[in-house]
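Trainee: To start, I am sharing the structure in question, which I have written as structure tokens.
Only the coordinates and a few stated rules stand behind these numbers; no lab work does. Since the structure is predicted, the reported quantities are computational estimates derived from the model, not experimental observations. Cβ: placed from backbone, ideal geometry, glycine included. Neighbour counts: every protein chain shown.
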Ligand code: NDP
């Protein structure tokens, strides 16, 4: 049955009646779907995203948006088999599809959880520390992020129809920006089915998600400075889109992730009988064959010490010989097809270019024995391993990305040579290095860091848990410099900020505090009759302060604390030795004594809304406390947030301990869990 794909525009499904293009099965070249966008009004789609979707999302807090991501991920997991059923025709095996479908859902789960843990229950995000400016403390600065008021245009590659959409959608929605998704035509039947699941989950506000299954018409002509284009695909298309006059004129944000000649290096400390050698061989073959090598992170260049070139070639060939190419639905198949006949032609052409500089030592560019398939049908190709003995004499192997199961094995002389060769790819998404020596690892990072977005070290101790060379992770950045596009995606909360604007705000701490809903030094500290430990979570106002009585610390206190705790460090016990220390005038109180006595001063002991103290942050001891010093404490409500589906509240208290001269002796943030 040939599906006609629908666009999802202005909250309605819309099928184009004319200008339909065919999508062919990667397995047998039959037509599986037709798709098109004739009749779409792109200006209206953008307008709808900005006015309807953007307004609704911006009205929600980060936590509410994070909750939506979780529901979307759950909806995909509940209906994942519908997606698996469509995935086979894209040439993907079950495990390839797992990366795409369940990997995509898990990316949303992680973004959701990070959103709830690391972002405030708010719409404005603080960036970095409060910056005191005026000497008297009446003028200060603070960076904040606010949500862009435009739409995010996601232009995705064909290789991951589901994950490719979700890895961008997670940070976008979490930031509060509506998305217009344009998948590559090849594989878009899967993206369309996934969007249906997301829409039918009923958790997305209107206008938050739209889908364009085909050409983008004049969409780019209507972009503004508040929109973001996030692109994955070829350098040629990225270059064309990035140079669109409207993108240039309006400074539209453009995040690109494009062709990348990722590499893997077997470090000089590895020997043929070391576990790292085996792990390296396994990983190179895994990367060559997963998704038939159609991964933006796949290993295209493989470097080994020159003395191990022969051994590495033999080991790689032996492992590649076990790969079973064929219909992903057939028993025993370990590598499926390329995404389309067009991709097959492209990969063959690129492999021929590589063959002008390197010897093909495994596979055949034109012939493959594909299981469960009529000979000559489908986009099947065998894994192709090349060997280039003089990598510095070659150019194409460092330039041409054959987007299939293709890699070139090369020797290097020493670490510096390996670094220079790795960097000759002029920018990659992922580099893996197999070494058991941390000093070697550091030398590599210093040399290659500037050219590679992610560097994975794999050794005998990490291999079992390692996510491998090719897996971008939602908590770590995905992107790379130069040839890789210069963009960055994901990276946890970092990815969210790509859809927000950072502004430096300046003013009185009272104003800044009101903006960020957090008490900042210099902002008012009102007091009241009621101790804050007796106040319900909802009654605690930011800035509300309890000033304690003072307590004089005696030598007996110090002596007692030392004996009781066992902390008899000389600075607390030995007058002469303490006085010889440049920081102390003589015996001083323990820092922990100050903390304990501070708690003794500010705590309200009866049962009440405070459930537990769960930590201190940013603790600093600023002045020594000598016997006879009288300390007192100001306990201020700094910030509050709900945790764990609103089961309890988290209060951050700014604690300032001062002496009789009002000099600050200690400051810290105290964290408590409170009843709500
Ligand atoms: P393309 O650059 O051709 O396509 C990528 C996306 O851009 C698709 O959604 C495509 O849509 C869209 N697109 C193409 N032209 C335009 C346009 N004028 N305006 C708006 N959108 C447009 O890349 P492919 O997917 O064909 O892959 C080609 C090569 O890209 C691969 O061989 C590989 O080298 C590289 N690639 C790199 C990846 C990476 O992450 N680094 C991932 C995937 C591919 P449509 O399909 O409708 O043309």
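Trainee: Distances over 50 Å make up what percent of all Cα-Cα pairs in the chain?
Mentor: 27 percent
Trainee: What does a probe at residue 349 reach in segment 164-206, counting residues whose amide N is under 16 Å from the point 7 Å along Cα→Cβ?
Mentor: Counting only backbone N, you get no residues.
Trainee: Right, another one. Using per-residue counts of other Cβ atoms within 10 Å, averaged over each peptide, order 339-348, 203-212 from highest down.
Mentor: 203-212, 339-348
Trainee: Next up: State the dimensionless ratio Rg/Rh of segment 27-83 (Rg: radius of gyration of Cα atoms; Rh: Kirkwood radius).
Mentor: Using only Cα positions, Rg/Rh for segment 27-83 is 1.15.
Trainee: If you don't mind, there's one more thing I want to ask. Could you tell me whether segment 589-676 comes out rounded, prolate or oblate from its Cα gyration tensor? Rule is a ≥ b ≥ c as square roots of the eigenvalues, rounded for a/c under 1.5, then prolate if a/b exceeds b/c, otherwise oblate.
Mentor: Prolate, since a/c reaches 1.5 and a/b exceeds b/c.
Trainee: What distance in nm lies between label points placed 7 Å from Cα along the C-beta direction at residue 417 and residue 596?
Mentor: Using points 7 Å along Cα→Cβ, the separation is 6.3 nm.
Trainee: Now, a different point. When ranked by the protection proxy of mean other Cβ atoms within 10 Å per residue, highest first, what sequence do the peptides 164-170, 633-639 form?
Mentor: Highest-to-lowest ranking by the protection proxy: 164-170, 633-639.
Trainee: What does a probe at residue 399 reach in segment 290-311, counting residues whose amide N is under 17 Å from the point 7 Å along Cα→Cβ?
Mentor: 301
Trainee: Could you put 251, 95, 112, 201 in order, starting from the residue whose Cβ has the fewest other Cβ atoms within 10 Å?
Mentor: Ascending Cβ contact count within 10 Å gives the list 251, 95, 201, 112.
Trainee: Sort 48-56, 485-493 by packing, meaning the average of other beta carbons within 10 Å per residue, with the highest value first.
Mentor: The most tightly packed comes first, giving 485-493, 48-56.
Trainee: Then there is this: Considering the convex hull of the alpha carbon atoms of segment 1-57, report its projected area averaged over all viewing directions, in nm², one decimal.
Mentor: Its average projected convex-hull area is 5.1 nm².
Trainee: Another question about this same structure. Helix 62-78: angle to the longest alpha-carbon principal axis of the chain, degrees 0 to 90, nearest 10?
Mentor: Approximately 40 degrees, to the nearest 10.
Trainee: Order these by the 10 Å Cβ neighbour count, fewest first: 260, 113.
Mentor: Going from least to most buried by this count: 113, 260.
Trainee: Measure nothing but the geometry: give the 0 to 90° angle between the long axis through the Cα atoms of 188-200 and the longest principal axis through the Cα atoms of the chain, rounded to 10°.
Mentor: 40 degrees
Trainee: Helix-derived [θ] at 222 nm for the chain: sum -39500 (n - 2.57) over DSSP H runs of at least 4, divide by residue count, nearest 500?
Mentor: -9000 deg cm²/dmol
Trainee: Can you tell me, using C-alpha contacts under 8 Å and at least 6 residues apart, the relative contact order of segment 68-145 as a whole percent?
Mentor: Reported relative contact order: 27 percent.
Trainee: Between residue 143 and residue 38, what is the label-to-label distance in nm when each label sits 7 Å out along the Cα-to-Cβ direction?
Mentor: Result for the modelled spin labels: 5.0 nm.
Trainee: Could you calculate the FRET efficiency of residue 531 with residue 504 from 1/(1 + (r/R0)^6), where r is the beta carbon distance between them and R0 is 45 Å, rounded to 0.05?
Mentor: After rounding to 0.05, the efficiency reads 0.75.
Trainee: Let me ask another. Using the Kirkwood formula over every pair of different C-alpha atoms, what hydrodynamic radius in Å results for segment 280-419?
Mentor: 15.1 Å
Trainee: In addition: Looking at the square roots a ≥ b ≥ c of the eigenvalues of the Cα gyration tensor of segment 1-122, which shape do they give, rounded for a/c under 1.5, prolate if a/b is larger than b/c, or oblate?
Mentor: Note, shape of segment 1-122 comes out oblate.
Trainee: While we're on this one: By how many degrees, between 0 and 90 and to the nearest 10, does the Cα long axis of helix 591-602 differ from the longest principal axis of the chain?
Mentor: Approximately 70 degrees, to the nearest ten.
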